[in-house]
1. Residues LEU114, LEU67: which one is surrounded by 21 or more Cβ atoms within 10 Å (Cβ to Cβ) and either part of a helix (DSSP H, G or I) or over 14 Å from the mean Cα position of the chain (by Cα) (or both)?
2. Just checking, which of ALA56, ALA92, ALA17, ALA10 is in a loop (DSSP other than H, G, I, E, B) and over 24 Å from the mean Cα position of the chain (by Cα)?
3. Applying the selection to the stretch 120-161, what residues are in a helix (DSSP H, G or I), at pLDDT 95 or above and not small (Gly, Ala, Ser)?
4. Could you please find all residues in the stretch 20-36 being in a helix (DSSP H, G or I) and of a type outside the set (Lys, Arg)?
5. Which residue pairs have Cβ atoms under 9 Å apart, sit 6 or more places apart or on different chains, and have a first residue in the stretch 100-111 that is farther than 18 Å from LEU71 by Cβ and modelled with pLDDT under 90 and a second that is of a type in the set (Ser, Thr, Tyr) and open to solvent by 60 Å² or more (accessible area, probe 1.4 Å)?
6. For the stretch 37-53, enumerate the residues that are open to solvent by less than 100 Å² (accessible area, probe 1.4 Å) and either in a helix (DSSP H, G or I) or acidic (Asp, Glu) (or both).
7. Could you grab me the full set of residues in the stretch 162-207 that are farther than 22 Å from TYR140 by Cα and small (Gly, Ala, Ser)?
8. Based on what the data block shows, is VAL174 within 14 Å of the chain's Cα centre (by Cα) and either at pLDDT below 95 or not small (Gly, Ala, Ser) (or both)?
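The values are calculated or read from the model by the stated rules, or taken from the named source; none is laboratory data. All of these numbers come straight from a predicted model, not from anything done at the bench. Quick reminder, even Gly has a Cβ in these numbers, built from the backbone with ideal geometry, and neighbours come from all protein chains shown. These area figures cover heavy atoms from the full protein model, side chains too; ligands, DNA and RNA do not enter into them. Shrake-Rupley method; radii C 1.70, N 1.55, O 1.52, S 1.80 Å.
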Amino acid sequence: MSARDDILGAIRAGKPAMNAPAPAVPSYDDGYPQDREHLTALFAERLTTMGGIWQAPTDGQNLDDALQEALADKLGKPFKDAVIASNVSEVAGNRGINENDDPTTLHDVDIAVLRATFGVAETGSVAFTEKELTVNAVAYLAQHLVVLLDPAEIVTNLHRAYQRDDFAGARYTVFHTGPSATADIEGVLVRGAQGVRSLTIIPASGS
């Protein structure tokens, strides 16, 4: 018997003979808005604080127009020349994404359009699983990330996020909070150093 087995055996032998249930963990969200309108407003506020853009379509404006309005001055090229990888049926793209794609082939994507699984008002974050991403790297290699978010899928805080079945049941889940940014060098804020240069959220009900 190895020393490892001796140690583990001693631990098991000394384990108290009791069945102690895990403690109940509160959600710590009593102070958050409970109505959808104010919770959505809080999400938009926190998103903006973290450098993201809340782009609610105006009356009669479709999603394509809202997307173009949000990014028209950020591309550095005519919008018609942008490489758009769309994973949502609501927005037409010109670059397909398949689960067998080599992630390095996504290096030329100007705009990735995804639908978030849900949002978190506490931090202004959006969550994606492997289902929404198809290729996980697309949310990092694209120059600009545009996200459709159903306001009905905004939760108060991360405690509530961890309780969701789609979070717990996914093989891969990632939270995005604003665009990539760093200010380590000479205290100058640089966006896009390790990921997307801009993060735009468009409220859009899910199908």
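1. LEU67
2. That would be ALA17, the only listed residue that is in a loop (DSSP other than H, G, I, E, B) and over 24 Å from the mean Cα position of the chain (by Cα).
3. Quick first cut of the stretch 120-161, residues in a helix (DSSP H, G or I) only: 130-133, 138-141, 151-153, 158-161.
Then drop every residue that is not at pLDDT 95 or above, which leaves 151-153, 158-161.
PRO151, GLU153, LEU158, HIS159, ARG160, listed by residue number.
4. Hits for the stretch 20-36: nothing passes.
5. The qualifying pairs do not exist here.
6. If the condition is that a residue be open to solvent by less than 100 Å² (accessible area, probe 1.4 Å) and either in a helix (DSSP H, G or I) or acidic (Asp, Glu) (or both), then LEU39, THR40, ALA41, LEU42, PHE43, ALA44, ARG46, LEU47, THR48 are the ones that fit.
7. The initial filter retains those residues of the stretch 162-207 that are farther than 22 Å from TYR140 by Cα, namely 162-165, 168-169, 186-187, 204-207.
The answer is ALA168, GLY169, GLY187, ALA204, SER205, GLY206, SER207.
8. yes
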